[in-house]
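Worksheet for the structure shown next.
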Amino acid sequence: MDIYEIVKKRRSVRSYKPEPVEDEKLRRILEAALSAPSAANRQPVYFVVIKEEKIKHQLKNAYNAVWFYTAPIIICVCSIPEKGWKRGDGKNYADIDATIAMDHLILAATAEGLATCWVAAFKVPDVKSVLNLPQGIEPVALTPLGYPLDHPAPTYRKPLEEFAHII
């Protein structure tokens, strides 16, 4: 699969098979995330990979969708704002760098035949508590990771003319 096929094939999946993800695949996916660009190469990103059922279920207070816990793995991408590059106007790029790394992870998972679903609607204090995140590490997004039980149809995308202005 080339990059264009991977991008078009990626879906937000909300049903997972119980079979485990092979360690080699997980490693390749995390290495793809590590390869993501970051502002000034600061790499202010931290991933927490959750395999333990007990911890996955403790996250229910943070995000209570049943399908979320059916995947064999949940991944939390975090930013480290103190290490993030700051633009001249003070804008910190740590969260942006974390989202780029998460996107690399999601696309790599698709290339490996795995599924994900970007989750941002979670309770930050609960995630910090359950994952025992150190001070200064901020959760940005979560995703389940596993083999898809089904393959959702493509969703609507607005026309290119509404998306890009070429001048």
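The values are calculated or read from the model by the stated rules, or taken from the named source; none is laboratory data. As the structure is a computational prediction, the values presented were derived from the model and not from experiment. Backbone-built Cβ (ideal geometry, glycine too); neighbour counts: all protein chains shown. In case anyone asks, the SASA skips ligands and DNA or RNA and just uses the protein heavy atoms, side chains included. Shrake-Rupley method; radii C 1.70, N 1.55, O 1.52, S 1.80 Å.
Would you confirm whether or not the range 51-58 contains a residue that is touching a Leu at 6+ places or on another chain (Cβ under 7 Å), on the phi < 0 side of the Ramachandran plot and at pLDDT 95 or above? No, the range 51-58 contains no residue that is touching a Leu at 6+ places or on another chain (Cβ under 7 Å), on the phi < 0 side of the Ramachandran plot and at pLDDT 95 or above.
Would the range 131-146 turn up any residue that is in a helix (DSSP H, G or I) and either within 21 Å of I6 (Cβ to Cβ) or at pLDDT 95 or above (or both)? Yes, because at least one residue in the range 131-146 is in a helix (DSSP H, G or I) and either within 21 Å of I6 (Cβ to Cβ) or at pLDDT 95 or above (or both).
Being in a helix (DSSP H, G or I), among the basic types (K, R) and either free of Cβ contacts under 8 Å to residues at least 12 places away in the same chain or open to solvent by 70 Å² or more (accessible area, probe 1.4 Å) (or both): is that true of K158 here?
Details: in a helix (DSSP H, G or I): no; among the basic types (K, R): yes; either free of Cβ contacts under 8 Å to residues at least 12 places away in the same chain or open to solvent by 70 Å² or more (accessible area, probe 1.4 Å) (or both): yes.
When the stated conditions are applied, K158 does not pass them.
So for the range 84-98 (the condition being of a type in the set (D, E, K, R) and open to solvent by less than 10 Å² (accessible area, probe 1.4 Å)), does at least one residue qualify? Outline the logic, then answer.
As a first pass, look at the range 84-98 and keep what is of a type in the set (D, E, K, R): 86-87, 89, 91, 95, 97.
Still in the running and open to solvent by less than 10 Å² (accessible area, probe 1.4 Å): 97.
Checked against the condition, which is being of a type in the set (D, E, K, R) and open to solvent by less than 10 Å² (accessible area, probe 1.4 Å), the range 84-98 yields at least one hit.
Within the range 1-25, residues that are open to solvent by 90 Å² or more (accessible area, probe 1.4 Å) sit with their Cβ atoms under 8 Å from residues that are charged (D, E, K, R), at 6+ positions apart or across chains, in these pairs: M1/K9. Taking the criterion of being closer than 22 Å to L114 by Cβ and either open to solvent by 80 Å² or more (accessible area, probe 1.4 Å) or of a type in the set (D, E, K, R) (or both), the only residue of the range 58-83 that qualifies is V66. Under the condition of being more than 23 Å from D97 (Cβ to Cβ) and either of a type outside the set (D, E, K, R) or free of Cβ contacts under 8 Å to residues at least 60 places away in the same chain (or both), the residues counted in the range 115-155 number 12.
Yes/no matrix, rows are residues, columns are (1) under 26 Å from M1 (Cβ atoms); (2) at pLDDT below 95; (3) of a type in the set (A, V, I, L, M, F, W, C):
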| position | (1), (2), (3) |
| --- | --- |
| A39 | no, no, yes |
| Y46 | no, no, no |
| Y63 | no, no, no |
| S79 | no, no, no |
| R87 | no, no, no |
| K91 | no, no, no |
| I96 | no, no, yes |
| L105 | yes, no, yes |
